[in-house]
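Undergrad: Just dropping this structure here.
The values are calculated or read from the model by the stated rules, or taken from the named source; none is laboratory data. All values derive from a computational prediction rather than experimental measurement. Don't worry about glycine lacking a Cβ; one is built from the backbone with ideal geometry, like all the others, and counts go over all protein chains shown. For the accessible areas, the whole protein counts, side chains as well, though only heavy atoms, and no ligand, DNA or RNA atoms are used. Shrake-Rupley method; radii C 1.70, N 1.55, O 1.52, S 1.80 Å.
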Number of protein chains: 2
Amino acid sequence: MGQFFSCFAPLEKWTAAKLTGAKRAGSVLLLPALLSSVALAEEGMWTFNNFPKERVKRAYQFEPSDAWLDKVRLSSARLANGCSGSFVSSTGLVMTNHHCVNECVEQLSSAGKDLIAKGFYAEKARDEKKCPEIEVNRLLEITDITTVVQQATKGLQGQAFNDAQKASMARMEQECSAGNDKVRCEVVTLYHGGKYNLYKYQRYQDVRLVFAPELAIAFFGGDPDNFNFPRYDLDSAFLRVYENNEPLKNKHFFSWSKQNAKEGDLTFVTGHPGRTSRLLTTVELEFDRDVGLLRSLLKLSELRGFLTEFQKRSAEAKRISAGHLFSVENSLKALKGRHQALLDKKFFSQMVANEQKLRAKVNANPQWKKEFGGAWDEIAKAVAVQRDIFKEYAATERNTYGSKLFEIARTIVRSGDELSKPNEKRLREFGESRLPQLKQELFSDAPIYDEFEVALMAHAFTKLREDLSPDHPFVKKVLGKNAPMDLAKNLVKGTQLKSVKAREALFKGGKDAIAKSSDAMIQLALLVDADSRSNRERFENEVESVVKKNSELVAKAKFATEGTDTYPDATFTLRISYGKIQGFPDSGKMVPPLTTMGGAFARHTGADPFALPPSWLKAEAKINKETPFNFVSTNDIIGGNSGSPVINKNAEIIGLIFDGNIHSLGGAYGFDPTANRAVSVHSAAIVEALRNIYGAQRVVDDLLGANATGEIGRTMTHSEDGSATSKQ
Amino acid sequence: MGQFFSCFAPLEKWTAAKLTGAKRAGSVLLLPALLSSVALAEEGMWTFNNFPKERVKRAYQFEPSDAWLDKVRLSSARLANGCSGSFVSSTGLVMTNHHCVNECVEQLSSAGKDLIAKGFYAEKARDEKKCPEIEVNRLLEITDITTVVQQATKGLQGQAFNDAQKASMARMEQECSAGNDKVRCEVVTLYHGGKYNLYKYQRYQDVRLVFAPELAIAFFGGDPDNFNFPRYDLDSAFLRVYENNEPLKNKHFFSWSKQNAKEGDLTFVTGHPGRTSRLLTTVELEFDRDVGLLRSLLKLSELRGFLTEFQKRSAEAKRISAGHLFSVENSLKALKGRHQALLDKKFFSQMVANEQKLRAKVNANPQWKKEFGGAWDEIAKAVAVQRDIFKEYAATERNTYGSKLFEIARTIVRSGDELSKPNEKRLREFGESRLPQLKQELFSDAPIYDEFEVALMAHAFTKLREDLSPDHPFVKKVLGKNAPMDLAKNLVKGTQLKSVKAREALFKGGKDAIAKSSDAMIQLALLVDADSRSNRERFENEVESVVKKNSELVAKAKFATEGTDTYPDATFTLRISYGKIQGFPDSGKMVPPLTTMGGAFARHTGADPFALPPSWLKAEAKINKETPFNFVSTNDIIGGNSGSPVINKNAEIIGLIFDGNIHSLGGAYGFDPTANRAVSVHSAAIVEALRNIYGAQRVVDDLLGANATGEIGRTMTHSEDGSATSKQ
């Protein structure tokens, strides 16, 4: 059901991570091959149980074995809040992006101690600091349960379809984890219902921060350079997974490559792309283009202006809002790119033509016509309903009024209702398999700032009134005769929910304790819950269930006409893509695929966001400026892949995904092999910086072994055209 | 050429005034009849030399005579900065909207004296305060010069076409005004080139503020209620035109109606609708939808968020930014409505179908085909170029970097170049006929606030970098190694242009003095001028001239196939529309057409923007709550009509246009007679408030004569359904 939410909730966690993958006006975006027949050379976010080994072999004379795939799968990590990562040592070290741990670094900071600005390195083991809200997952097993799920909903529709499907999913998830909180099981809907798989993960919730550089270098170039290349960012960070208060004794991890990757090298990326929409019907894409994305773009733009100026209130205001502003700007740029892809007339009309071709094929076969032929019109009808109810649904159920405290209050209020129901009947987010993560977030001691809560909430109430009109009963219920700002102040003043103990008490007290609570935020959550739920029910019963049921049929029609040698749309589950290090054409020139650390010094102006941090300026003479810094490769990735390792055919780390180029943004709807590029930090730069800028020897030892030579990452020279290439 | 600029410059003055007229999702927007054959009953913004008298007679048994039309024309006023008004006394009194004099009221305010919040009334004649930037125009004469203009460009294209057309226009304007600053002459392009008319105005530049109520009642309901109805706004103000330092002895003015207008009454609206796009080709509309409007919406949304939060800096910050925030919010809401109209698939595909029908008719006639047949494809090619160069053009030439001081600097720098050229060769805005207004604004002593200048300019520089990328040569030229905020601060600190004397010295000193100036803002204007001009030239030569030339052909094709009994798109020149006071259907119910002053008290919550001002609360017992307050009528209006009088068949004032309802917003592209309504202040409420709330007897005497009865406006009662109707 991901497709419904993308546009509503660009600030949700996984999209708040780097969204990558629409094209720049003017360039031509090739069609996703899947819509016509089979995937192109480098295209595809493949599942581990349907990896096109042969295709890789044909293109690169290397065929990954099953053992290779198992090792890679078990060495890959998911950050449950929306990112990817990799296990990179026997001692539980996990590599990911700085922007994936940004929130943790902010949460470990305080008014006097700004770790975002200054960076963090645990010189001793005991200095490693627990991230209050990070959960790491490792994928243990995939089981195909398509028949079971499809059987459960056979002949049903509307609410009955939805209820039955959710119940069957909840049942299988519960059976799979068998009450073990350390096992996380999730039913994954692939190909929009063409397949259902059960994914079983190991869950780790004691995850500690080991190293994070200064934001100034992690995000050098800031929003202006975001989604661009050439690039000079050390967007990397290291976490460590603990078990029983000790570093994890870890069998499955990636080794560090001793050879610097260079132009033309084969690259695999393993990670968790969040969402693509390459298999949607055109009526759903029109909804995205004309309603959902448009709404998000306008909301995010306004919020961005608001936050930019909020930052000027004070140094502390700047500190506490920086992460939120980053996520807004990042989402905004990504969604703009996606929107541009859908506004491309040529691209869109090809999507329409492909759909017509598929429907013609279906209609030409009486059996197919009977089975699948009506699906598109049914989806269109549901999307028409969605257009009608979208605004109310978004303004109520899909709205947390900008407030973490309200989010907490709503979780508590709903837990009172939901947890007393059998697992199968609960709202999906309260299912047993999701409870540990829900509790981790609910009982997190991360700081919450009154000033920011009030500002965001006042803004959100104003937008609520604007969306629904001042005379809408829901708006009157929420605002009464209050001005938005006054209401926000009263709510924040009148709540105890900043206290984790207060949350625990209400959570344990259940429905009765909650009903009696005089907490202002709890009371608001109680006040709006019936309306919010009823809008959700209407959406789920009249839109979601119809789209789900008929998307299954469209998927089956595609399998029937085009075969199954395809990859599903992204679902924030583990995928693997292959490609190579390669530049791309831009404004008539080829952009070389690698940059050097020296390039960062050349781009340094001294003014934010082009100011290198003091540590880099100080170490300028010590580092090898020829060290490759960032590179681009043809891997097919998207938001959620942030923190993914880039590995070579020996399954060794050669880079760390942190972005896509501007041409990759249309990747949500189709892959353009000529210009869509993934952007990574080169493994050599990570080591060079850890060793010669940060003196982070503990991390280097973990990565390379204590006796590693100091020469890794020091063998780059400039080629004649000024691009960096490695000599090996 | 208006059509090119609308989307670039929603903050330009005329659009900053109330933009009125797209539809709410769900309702059906009828097609502008013009595209098919002849205008529908109430549709049309008619020119005074092509008014459909017969049609009015058929519908309302009243045929306006030529004398009636002359009187109405001469009693109508244009506010040259983007609004309409009416002469309403023999002593030069001019009625318009509060939001049309908002800027003047702000300019006459200061840190200790907030006239926006407190309102203004000149108790004595000598208290009337000159508005530094208001120019009033009265339309004296219209001459058809179509043949002359079309002859001048015959056989030309591209730059030659443009140069020849501009030269012929400048020549005729100069001849017409004959060096008299008090006469303003303008060539008006009607039907996108189907007709060219010369409009000759009397120009008044000594215009003083007489009365303006508090913003709290002028804009009661604020942005949430904007473009909505029912409504309760006293959006009115009175100015007085002076000549030789004395109130104007005025022969032509509207009398005040002694009868309260009621449901069903015939209404005429005379005023200056700014711009409609009902006659554009579909490729131009697509540009608006997918590029121009989208860009404006995103920019305005961000600016709105920024300004909302800027307001919280301090009471003074709130005061100095309030007008700008209003204009941003107003434009945003209006443009959203327009965008929604274009996103309506049914509406848009009808536009496409109509264009195809017209082209088929043209192609079926060999002569027409030869003359007009190629025009649409030529326009499409030019619009394709526009898509390519749009961003650079907007970011350079159509950009004042958010700064009034930069605007002044650029005007000075360009005047150095332009004023030494012959009139015919100048940029249009430096033509002799426009110079008096240009000088009035350039030498205005209206306050400029450093804090606001810096904030807006820093924001604008950030957007410039974002639009063009940090590596664009123009961006590097402007920013150098500076952060946007530092550059903005240095510019504002380094300029003397807040001083009118400094401006005058440079203006008089001309090119040499300007080149030698060390003023930071002048230097920036010099630095960017060549690039800005060359982007403008490219736009004018490759886009504008091609569109102009071929739009003439499309217009001729329409005249040939559909006749000339039509009205042209709006051009901020005097038009007259007719209609009646009538409610409209909304969410399945009919909205009654009138509200009462009592309704404002019912809607009062005490919290901004639903808080009545103290003067109203104090006078509650004194006023007749049954007095009709606001009403809606079927008149076809749009932004620029703000301040237009609503008159009856005796040419007496019965109301004051100040808004359109939400359904009117699609009026830019087509008129929907079922739901598009103009919103006015009722004449009775104006008198009731002046007399019994503000004690503004001088104004009442001017309007009604010193011996007028106190009963005008006191004869309303509620009908049974709760709507207000008048008993007469």
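Undergrad: I'm trying to understand the selection: among the residues of region A:602-643, which are within 14 Å of another protein chain (Cβ to nearest Cβ), touching a Leu at 6+ places or on another chain (Cβ under 8 Å) and of a type in the set (Phe, Trp, Tyr)?
TA: Here is the first cut: in region A:602-643, the ones within 14 Å of another protein chain (Cβ to nearest Cβ) are A:602-612.
Okay, now just the ones that are also touching a Leu at 6+ places or on another chain (Cβ under 8 Å), so A:604.
None - no residue of region A:602-643 is within 14 Å of another protein chain (Cβ to nearest Cβ), touching a Leu at 6+ places or on another chain (Cβ under 8 Å) and of a type in the set (Phe, Trp, Tyr), so the list stays empty.
Undergrad: Moving on. For region B:172-194, check the following and say yes or no: at least one residue is out of contact with any Pro (no Cβ under 6 Å at 6 or more places or on another chain), among the aromatic types (Phe, Trp, Tyr) and at pLDDT 95 or above.
TA: Going through region B:172-194, the residues out of contact with any Pro (no Cβ under 6 Å at 6 or more places or on another chain) turn out to be B:172-180, B:182-189, B:192-194.
Filter once more, keeping what is among the aromatic types (Phe, Trp, Tyr): none.
Scanning region B:172-194 turns up no residue that is out of contact with any Pro (no Cβ under 6 Å at 6 or more places or on another chain), among the aromatic types (Phe, Trp, Tyr) and at pLDDT 95 or above.
Undergrad: Confirm whether A:ASP569 is touching a Pro at 6+ places or on another chain (Cβ under 8 Å) and more than 14 Å from every other protein chain (Cβ to nearest Cβ).
TA: In short, no.
Undergrad: Taking the criterion of being among the β-branched types (Val, Ile, Thr) and either surrounded by fewer than 15 Cβ atoms within 10 Å (Cβ to Cβ) or on the phi > 0 side of the Ramachandran plot (or both), would at least one residue in region A:549-566 satisfy it?
TA: Yes, there is a match, as at least one residue in region A:549-566 is among the β-branched types (Val, Ile, Thr) and either surrounded by fewer than 15 Cβ atoms within 10 Å (Cβ to Cβ) or on the phi > 0 side of the Ramachandran plot (or both).
Undergrad: Could you check region B:517-544 and list, in sequence order, the residues that are more than 22 Å from B:ALA395 (Cβ to Cβ) and surrounded by 17 or more Cβ atoms within 10 Å (Cβ to Cβ)? Break it down into steps so the answer makes sense when it comes.
TA: In the first step, residues of region B:517-544 are kept if they are more than 22 Å from B:ALA395 (Cβ to Cβ); the result is B:517-519.
Those that are more than 22 Å from B:ALA395 (Cβ to Cβ) and surrounded by 17 or more Cβ atoms within 10 Å (Cβ to Cβ): B:SER517, B:ASP519.
Undergrad: For region B:676-728, what are the residues that are in a strand (DSSP E or B) and either modelled with pLDDT under 50 or exposed (fewer than 15 other Cβ atoms within 10 Å of the Cβ) (or both)?
TA: B:MET716, B:THR717, B:HIS718, B:ALA724, B:THR725, B:SER726
Undergrad: Being surrounded by 17 or more Cβ atoms within 10 Å (Cβ to Cβ), within 25 Å of A:ALA455 (Cβ to Cβ) and over 30 Å from the mean Cα position of the chain (by Cα) is the filter here; which residues of region A:491-516 pass it?
TA: Once the filter is applied, which keeps residues that are surrounded by 17 or more Cβ atoms within 10 Å (Cβ to Cβ), within 25 Å of A:ALA455 (Cβ to Cβ) and over 30 Å from the mean Cα position of the chain (by Cα), region A:491-516 yields A:LEU491, A:THR495, A:GLN496, A:ALA502.
Undergrad: Also: Which condition from (1) within 14 Å of another protein chain (Cβ to nearest Cβ); (2) polar (S, T, N, Q); (3) touching a Lys or Arg at 6+ places or on another chain (Cβ under 6 Å) is the one that B:ASN363 breaks?
TA: Result: B:ASN363 fails condition (1) only.
Undergrad: Tell me which helices (runs of 4 or more DSSP H) are completely within region A:212-324 and hold 1 or more residues being closer than 23 Å to B:LEU300 by Cα and away from every other protein chain (no Cβ under 14 Å), or say none if there are none.
TA: Helices (runs of 4 or more DSSP H) meeting the threshold: none at all.
Undergrad: List pairs: first residue in region B:237-266 and over 20 Å from B:GLY92 (Cβ atoms), second residue surrounded by fewer than 17 Cβ atoms within 10 Å (Cβ to Cβ) and of a type in the set (A, V, I, L, M) anywhere in the structure, Cβ distance under 9 angstrom, at least six positions apart or on different chains.
TA: From residues that are over 20 Å from B:GLY92 (Cβ atoms), the pairs are B:LYS258/B:ALA708; B:LEU266/B:ALA59.
Undergrad: All but one of (1) open to solvent by less than 10 Å² (accessible area, probe 1.4 Å); (2) over 25 Å from the mean Cα position of the chain (by Cα) hold for B:PRO273; state the number of the condition that does not hold.
TA: The one condition B:PRO273 does not meet is (2).
Undergrad: Checking the conditions here, which among B:GLY563, B:GLY510 is among the small types (Gly, Ala, Ser) and more than 30 Å from B:GLU133 (Cβ to Cβ)?
TA: B:GLY563
Undergrad: Answer with yes or no whether B:ILE412 is in contact with a Leu (Cβ under 7 Å, 6 or more places away or on another chain), within 30 Å of A:GLN311 (Cβ to Cβ) and modelled with pLDDT of 95 or more. Give the derivation first.
TA: Numbers: in contact with a Leu (Cβ under 7 Å, 6 or more places away or on another chain): yes; within 30 Å of A:GLN311 (Cβ to Cβ): no; modelled with pLDDT of 95 or more: yes.
So B:ILE412 does not fit the description; no.
Residues checked against (1) within 23 Å of B:PHE539 (Cβ to Cβ); (2) aliphatic (A, V, I, L, M):
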{"site": "B:LYS154", "(1), (2)": "no, no"}
{"site": "B:PHE161", "(1), (2)": "yes, no"}
{"site": "B:MET169", "(1), (2)": "yes, yes"}
{"site": "B:ASN180", "(1), (2)": "no, no"}
{"site": "B:VAL187", "(1), (2)": "yes, yes"}
{"site": "B:LYS195", "(1), (2)": "no, no"}
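Undergrad: Mind checking which pairs have a first residue in region A:339-350 that is over 15 Å from A:ASP288 (Cα atoms) and open to solvent by 10 Å² or more (accessible area, probe 1.4 Å) and a second that is of a type in the set (Gly, Ala, Ser) and at pLDDT 95 or above, Cβ under 6 Å, 6 or more apart or different chains?
TA: Once the first residue is over 15 Å from A:ASP288 (Cα atoms) and open to solvent by 10 Å² or more (accessible area, probe 1.4 Å) and sits in region A:339-350, no partner that is of a type in the set (Gly, Ala, Ser) and at pLDDT 95 or above comes close enough.
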